[in-house]
Amino acid sequence: MNRRRLIVNADDFGLSEAVNEGIVEAHQRGIATSTSLIASGAAFEHAVGLAKAIGTLDVGVHLTLTEEEPVSNRGDIPSLLDGGRFHPHTTSFVRRYFAGRISLDEVERELDAQIARVVASGLRISHLDGHQHVHMVPGIRRVAGRLAVKYGIPAIRFPREAPKAYMLREGGSARRLLQLFALNAFCAAADIGGAKRPDHFVGFFYGGRLTKANLMQVLESLPSEGTCELMCHPGRQDAGSARAHWQYRWQDELDALTDPDVSEWLRSRGIELVPYAAVAQR
């Protein structure tokens, strides 16, 4: 019998207290096994406190170069900033990067500072991934690889999601599919080095809108063997969120991840839930 394992990683830990609490609930009452922490997030300390209190939540670093505040001194990373903060979206960041207006030395300085802050918190780091997958931009992936070696971090997310038939049935899916193909192209071009990774990845297509119905679509199309990472974004409802413009359905994702039907579906098919740390143990 082929072994099937699933990592359910909740992104954006540290973004806000509502997101933090939703991620913890998705772990304690649902299927979330891991999370990734934004070192410059407004609720970073709150997230660290929750992770330490729980003790069972596997934590990675959500490398961030867009929209949030930097960890480094602003004067040391001028090419990464737009009015004192990171550039507002990966699209604008990548455009500047390929135009030669982003310094890779500054990228490394900032990402090093982010990882160092999480290390200093006392949390053990299981993996690296990237906010809006910026860590897969050619060149930046090599930086992430060097930093993983420096800090003894065994795994790095490889967000290549295979196109599936259900994606074509979704109304208005063309833009998201184009983004998926672009991300897959970055993955194909990346120098992945010696970092470990899950065998498969899913969750980009439904990123920020992983309702129960969408989640079941993804689960029913999981690979027949190996370890797969499912990316998700649970959180508690927060009408005043500073990130409301993302239009993420945090509460819907939390409800889906904690739905007993989902847990039973996985159990009945012999799919084992594991943390990201399990990748390093293979």
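The values are calculated or read from the model by the stated rules, or taken from the named source; none is laboratory data. Note that the structure is predicted; figures quoted are calculated from it, not measured. A quick note on method: Cβ atoms are made from the backbone with ideal geometry, for glycine too, and the neighbour counts reach across all protein chains shown.
What to note about this one:
- Cβ-Cβ under 6 Å pairs, at least 6 apart or on other chains, region 175-194 side within 11 Å of F205 (Cβ to Cβ) and part of a loop (DSSP other than H, G, I, E, B), far side among the β-branched types (V, I, T) and modelled with pLDDT under 95: none
- Of all residues assigned to region 244-263, none qualifies as being part of a strand (DSSP E or B), of a type in the set (A, V, I, L, M) and within 25 Å of V19 (Cα to Cα).
- Options V137, V143, V118, V149: the member that is surrounded by 21 or more Cβ atoms within 10 Å (Cβ to Cβ) and over 18 Å from L15 (Cα atoms): V137
- Verdict on E110 being free of Cβ contacts under 8 Å to residues at least 60 places away in the same chain and assigned to a helix (DSSP H, G or I): yes
- Those residues of region 140-159 which are more than 12 Å from L104 (Cβ to Cβ), in contact (Cβ under 8 Å) with a residue 60 or more places away in the chain and not in a loop (DSSP other than H, G, I, E, B), in sequence order: A155
- Residue match in region 185-197 (condition: under 17 Å from the mean Cα position of the chain (by Cα) and of a type in the set (G, A, S)): yes
- Among (1) part of a loop (DSSP other than H, G, I, E, B); (2) touching a helix residue (DSSP H, G or I) at 6+ places or on another chain (Cβ under 9 Å); (3) over 19 Å from P198 (Cα atoms); (4) modelled with pLDDT of 95 or more, the one test that A116 misses: (1)
- When region 201-240 is filtered for residues that are surrounded by 20 or more Cβ atoms within 10 Å (Cβ to Cβ) and in a strand (DSSP E or B), the ones remaining, listed by number, are F201, V202, T227, C228, E229, L230, M231, C232.
- No other residue among S72, S36 is in contact with an Asp or Glu (Cβ under 8 Å, 6 or more places away or on another chain) and under 28 Å from T258 (Cα atoms) apart from S36.
- Failed condition for R101, given (1) free of Cβ contacts under 8 Å to residues at least 40 places away in the same chain; (2) assigned to a loop (DSSP other than H, G, I, E, B); (3) under 18 Å from the mean Cα position of the chain (by Cα): (3)
- Selection within region 241-264 - closer than 21 Å to P275 by Cβ, surrounded by fewer than 21 Cβ atoms within 10 Å (Cβ to Cβ) and either among the β-branched types (V, I, T) or within 18 Å of the chain's Cα centre (by Cα) (or both): T258, V262
- Test: residue in region 69-76 that is farther than 19 Å from V119 by Cβ, of a type outside the set (D, E, K, R) and surrounded by fewer than 21 Cβ atoms within 10 Å (Cβ to Cβ): yes
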